[in-house]
């Protein structure tokens, strides 16, 4: 019964917030402008494929909680996107076109899914929904400060594809939240994958790889799209090659999880520069990102988990955290006319806000209950295996 | 040999009908009009992803006949789309642009796949092809009466996304056809799924979720697309949240099949109103649709199957039937200026025609053979498991 | 250590070649022209889905090396696309728009993946990268001679969708390369699939089917797209129906691998004529292609493998080789005003060049090591099963 009430609280919170704004409704438009917005819509669909199939299946490398990982993905997207739209429909925000606003909501959902990847296997389904409710307001606050520069404190930064405000923010939020939600017992359970779960994970990875250019270039002016998307593909190619070489060099054998994850690091890192870099710079950024991400998965992850006494189930610090910060810093070298202090302030504010928000949110979620042992689908799902 | 002849009969039927029309060929066009048609083409591709990957893998929740479910999906699409195009190229129908006609053919294929979902596991591969041959003419007839109002009997109804004429029609056709094709023995075999088949099913579900806005808005004027597609996503978010809450509240545990199916009910129900509703109305319709669909899966399905003495393998009445009708009725509240009697007549004609056509088709297909026990891939496929 | 050096050689080769051209950077453009290029970009994304998810998962029918098949796909795409762009940025080639050039690079990657399908299970991961490095220059040479008619030797051929220069070229290259890389022991190991690997393979097949029209019509003028893409879908429908009938007629039972593969033969064969054929001709070409491809898989494959003493793991000669040549020849009947001698010269040059290039490349790759037994993921991957 207590549980029941908890769940309805979540629902009413969503509905309540929705009701405040009653969502801003888009206004009619015509001609070329309508054509352009429908083109954006195509990229919005690509991003949605990344959110559900991409992030969802990437997390299915864990054999024992694949169903819950996919269900959590569904719930996180379904809570965060309407919530984001409702929040942004409040008067204090600048009015935006319908699809543009929707894409910004998808960016928020992506960042949330990254954060959730750090907590996978240690919270229950309704806790994911609470996570979404807590995450989005903090995310919007960071967007307001760093991207919109609402308080005229940061200046203009280079981060169109969200290396900093989406990837690094999500990863740091998730790792910080994990501190209150990890137990010693969790670290003792090794995460098991098998041939099938690895293939599902590679499927998710490929979906992310394929549509990543649409993520980065979603809101870029139409003339800049061709060079931009090719840059993203080149960076991804670079990180994929570097991941293979680094994985086999460090471990002696290839790790399928390295390939599924670190191959994407080029996409994470190029987010701050894809609309300014040459193709050659994109290749270099991709190669470096793939290499450092693989080093993270193959060498640092164990150490970091022991040090922070956490479990970062999906290794989000290695895929989104470090490559995201690296991408933000790479802009200093690559982007002409960038104000270095603005870029650094943007990174710093994002890092601090993500950590503080993550700590607070993790603490709140832990008050709703903390799992004794690691999650298995059997805990909440009506299944036998 | 008899079998062999049967199969070729199907082929020649397809070719024969094709030959009559030799398919209407599209005429050249240029400028903005061509750009618009290519934008429609993008949505046609999205719909094709729903037909094959979406409907196909959603049916793979059954462990024992996944290969046949996917093969059946391939065959149903391959028979129905050319057949629809051939039928519509006959002189009595209004001429349409190439891609528009193709999208209408995809709508027919979607409705057919819904119908087939009710029969899954009880007919053989070539019987699916016969099902397609029988279904499309009835579907076109209903389209002619209800959508095109060819006989000036119905008036204008609200059903752009096909809650009534695609979802409810397909579901009722399938359930009615199941009556002649179900045996007592079929109801005694429980449908087994496992961790892998559940994940494939969730994959299909996610593909449907992602591309659903393109399905609804496929033929909507370009200016109306932004608000429309956001409405569809909001309705889907609503049904996903409601499904989770209803599933865990009714069953005590979450059922992965509830999530994979009922999460989509918002898409089914919003089809009649997505181009008129506010975002808030879309959320309410989605929440209600998810809740009633889950009630269907968790409570009604057993009762209905006993009552009608059928097996509705994929629960199409719960996902497409009831939410489709609900969506059609919701339009009465939501759509300004709707003629209520037209809307009700449209629903009534669709229901009656679907049931009669389903009964006839089921009877014909049962004459070609009725399976003693429930289908397994080993029956027709060259496999060991 | 030796291995280590080998791997870095590959990396530096990629980088080195990249550095020569520093890739041609696209020039800004505006208005309708920019809209058109973004529409092409949507098709580029569709093709990328085919390359990774499509070709990748189609190869996962083999239970024992699914992870390596997917990793190889990732590496082949990541090596070949930047390499192609680098090569084409050298001064001797005509300048192209950014996205057009990128799509041509994807075509090259598709052809390479076809070639790799013949070698699957007999080479190691870094050998795939070497394969990519060797393949692309030969592919570009053939493109220069046959498509661009750079030496004014061939004339104009009909092959917009690459039946000849993509599919047949890749297949013949792969089979020829297999000669140096096959051992008697390889032919003795039967390739095992199971219910799960078959479903993954059907998933790959469906992804290819869905996006195939975007592959063929990627660079077609906007006005010609509607009729073109419908033709491709009709041809695919034809081959899917014919495959089912042929599979069950020849084998007595349906083979899931026939469905996953030969159903696509219509797409392969229509590549030379989809922009000229009527819908009815497209259906006929699809039906014939599906039938001959299934005959290839069900009857010829064993004989051919014994005759050439090779293993064609994925049966690329049956899916891409024979249907590709058939498609190229079908153009002689279908395309008005086609110069028959040009078409025949185009086919002949492609066949000869592919065989010679494949023999050379296979020999070179075999010098880097030849596997004693058939590949299993355990050989190079850090896994237990």
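Which one of B:205, B:214 is facing chain A (nearest Cβ under 7 Å) and either surrounded by 24 or more Cβ atoms within 10 Å (Cβ to Cβ) or in a helix (DSSP H, G or I) (or both)?
B:214
Does residue B:306 fit the bill of being within 7 Å of chain A (Cβ to nearest Cβ) and farther than 30 Å from residue B:99 by Cβ?
Working: within 7 Å of chain A (Cβ to nearest Cβ): no; farther than 30 Å from residue B:99 by Cβ: yes.
Criteria not met by residue B:306.
Residues checked against (1) in contact with a strand residue (DSSP E or B) (Cβ under 6 Å, 6 or more places away or on another chain); (2) buried (at least 22 other Cβ atoms within 10 Å of the Cβ); (3) at pLDDT 95 or above:
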position: B:314; (1), (2), (3): no, yes, no
position: B:326; (1), (2), (3): no, no, yes
position: B:329; (1), (2), (3): no, no, yes
position: B:332; (1), (2), (3): no, no, yes
position: B:353; (1), (2), (3): no, no, yes
position: B:364; (1), (2), (3): no, no, yes
position: B:372; (1), (2), (3): no, no, no
position: B:375; (1), (2), (3): no, yes, no
position: B:378; (1), (2), (3): no, no, no
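Evaluate the stretch C:108-124: report whether one residue or more is surrounded by fewer than 24 Cβ atoms within 10 Å (Cβ to Cβ) and without any contact (Cβ under 8 Å) to a residue 12 or more places away in the chain.
For the stretch C:108-124, residues surrounded by fewer than 24 Cβ atoms within 10 Å (Cβ to Cβ) and without any contact (Cβ under 8 Å) to a residue 12 or more places away in the chain: absent.
Could you list, ordered by first residue, the pairs with Cβ atoms under 6 Å in which the first is in the stretch C:284-306 and in contact (Cβ under 8 Å) with a residue 40 or more places away in the chain and the second is surrounded by fewer than 20 Cβ atoms within 10 Å (Cβ to Cβ) and part of a helix (DSSP H, G or I), at least 6 apart or interchain?
As it stands, the answer is C:298/C:250; C:298/C:251, since those pairs meet every condition given.
May I ask you to say which residue of C:256, C:227 is touching a strand residue (DSSP E or B) at 6+ places or on another chain (Cβ under 9 Å) and facing chain B (nearest Cβ under 7 Å)?
C:256
Just to verify a result, which residue in the stretch C:244-253, among those that are in a helix (DSSP H, G or I) and facing chain B (nearest Cβ under 9 Å), is nearest to residue B:203 (Cα to Cα)? Walk me through how you get there before you give the answer.
At the first step, the residues of the stretch C:244-253 found to be in a helix (DSSP H, G or I) are C:244-251.
Narrowing the set further to residues that are facing chain B (nearest Cβ under 9 Å) leaves C:244-245, C:247-249, C:251.
Numbers: C:244: 25, C:245: 29, C:247: 28, C:248: 29, C:249: 32, C:251: 31 Å.
The residue in question is C:244.
Inside the stretch A:98-194, counting only helices (runs of 4 or more DSSP H) that do not spill past its ends, which hold 1 or more residues that are within 14 Å of chain B (Cβ to nearest Cβ) and closer than 29 Å to residue A:302 by Cα? Let's see the steps before the verdict.
On the way: elements: A:98-119, A:125-142, A:169-181, A:184-188.
In the stretch A:98-194, the matching helices (runs of 4 or more DSSP H) lie at A:98-119, A:125-142.
Just to be sure before I move on: is residue C:191 surrounded by fewer than 22 Cβ atoms within 10 Å (Cβ to Cβ) and closer than 15 Å to residue C:314 by Cβ in the structure I sent? Break it down stepwise before answering.
Details: surrounded by fewer than 22 Cβ atoms within 10 Å (Cβ to Cβ): yes; closer than 15 Å to residue C:314 by Cβ: yes.
Taking the combined requirement at face value, the residue satisfies it.
Out of the residues in the stretch A:61-95 meeting the condition of being farther than 30 Å from residue B:256 by Cβ and touching a helix residue (DSSP H, G or I) at 6+ places or on another chain (Cβ under 7 Å), tell me which one is modelled with the lowest pLDDT.
Kept after step one, since they are farther than 30 Å from residue B:256 by Cβ, are these residues of the stretch A:61-95: A:87-95.
Right, trim to touching a helix residue (DSSP H, G or I) at 6+ places or on another chain (Cβ under 7 Å) and you get A:87-90.
Working: A:87: 94, A:88: 93, A:89: 89, A:90: 85.
Going through the qualifying residues, I end up with A:90.
All but one of (1) at the interface with another protein chain (Cβ under 8 Å from one of its Cβ atoms); (2) closer than 26 Å to residue B:41 by Cα hold for residue C:239, so report the exception by its number.
(1)
Tell me, yes or no, whether the stretch C:177-187 has at least one residue that is at pLDDT 95 or above and out of contact with any strand residue (DSSP E or B) (no Cβ under 6 Å at 6 or more places or on another chain).
As a first pass, look at the stretch C:177-187 and keep what is at pLDDT 95 or above: C:177.
Right, trim to out of contact with any strand residue (DSSP E or B) (no Cβ under 6 Å at 6 or more places or on another chain) and you get C:177.
The answer is yes; a qualifying residue exists.
If you check B:70, B:58, B:85, B:35, which single one turns out to be surrounded by 24 or more Cβ atoms within 10 Å (Cβ to Cβ), facing another protein chain (nearest Cβ under 8 Å) and more than 19 Å from residue B:139 (Cβ to Cβ)? Show your work before the answer.
Values: B:58 fails: facing another protein chain (nearest Cβ under 8 Å); B:85 fails: more than 19 Å from residue B:139 (Cβ to Cβ); B:35 fails: surrounded by 24 or more Cβ atoms within 10 Å (Cβ to Cβ).
Checking each option against the conditions leaves just B:70.
Which of the residues that make up the stretch C:341-385 are more than 28 Å from residue C:154 (Cα to Cα), touching a residue at least 24 places away in the same chain (Cβ under 8 Å) and away from chain A (no Cβ under 14 Å)?
Step one: of the stretch C:341-385, the residues more than 28 Å from residue C:154 (Cα to Cα) are C:363-385.
From what's left, touching a residue at least 24 places away in the same chain (Cβ under 8 Å): C:363-366, C:368-377, C:379-381, C:383.
The answer is C:363, C:364, C:365, C:366, C:368, C:369, C:370, C:371, C:372, C:373, C:374.
Going residue by residue through the stretch A:136-158, is there one that turns out to be within 14 Å of residue A:316 (Cβ to Cβ) and touching a residue at least 24 places away in the same chain (Cβ under 8 Å)? Write out each step before concluding.
Of all residues in the stretch A:136-158, those within 14 Å of residue A:316 (Cβ to Cβ) come to none.
The answer is no, given that none of the residues of the stretch A:136-158 is within 14 Å of residue A:316 (Cβ to Cβ) and touching a residue at least 24 places away in the same chain (Cβ under 8 Å).
Need pairs with beta-carbon distance below 7 Å; first residue closer than 16 Å to residue B:313 by Cα and within the stretch B:161-173, second surrounded by fewer than 24 Cβ atoms within 10 Å (Cβ to Cβ); sequence gap 6+ or separate chains.
Within 7 Å, the pairs are B:172/B:351; B:172/B:355; B:173/B:357.
Looking at the stretch B:280-312, which of the residues that are under 20 Å from the mean Cα position of the chain (by Cα) and not in a helix (DSSP H, G or I) is surrounded by the most Cβ atoms within 10 Å (Cβ to Cβ)?
The residue in question is B:310.
Looking at (1) buried (at least 19 other Cβ atoms within 10 Å of the Cβ); (2) within 18 Å of residue A:259 (Cβ to Cβ), find the lone condition where residue A:274 falls short.
Only one criterion is unmet by residue A:274, namely (2).
Of all residues in the stretch B:33-82, count the ones that are under 14 Å from the mean Cα position of the chain (by Cα) and outside any helix (DSSP H, G or I).
0
Criterion first (in a loop (DSSP other than H, G, I, E, B), closer than 25 Å to residue B:47 by Cβ and at pLDDT 95 or above) does residue B:274 satisfy it?
On the way: in a loop (DSSP other than H, G, I, E, B): yes; closer than 25 Å to residue B:47 by Cβ: yes; at pLDDT 95 or above: yes.
So residue B:274 passes the test.
Being assigned to a helix (DSSP H, G or I), within 7 Å of chain A (Cβ to nearest Cβ) and surrounded by 24 or more Cβ atoms within 10 Å (Cβ to Cβ): is that true of residue B:233 here? Lay out the reasoning, then the answer.
Values: assigned to a helix (DSSP H, G or I): yes; within 7 Å of chain A (Cβ to nearest Cβ): yes; surrounded by 24 or more Cβ atoms within 10 Å (Cβ to Cβ): yes.
It is true that residue B:233 is assigned to a helix (DSSP H, G or I), within 7 Å of chain A (Cβ to nearest Cβ) and surrounded by 24 or more Cβ atoms within 10 Å (Cβ to Cβ).
The values are calculated or read from the model by the stated rules, or taken from the named source; none is laboratory data. As the structure is a prediction and not an experimental result, all values here were calculated from the model. All Cβ positions, glycine included, derive from the backbone under ideal geometry; neighbour counts span all protein chains shown.
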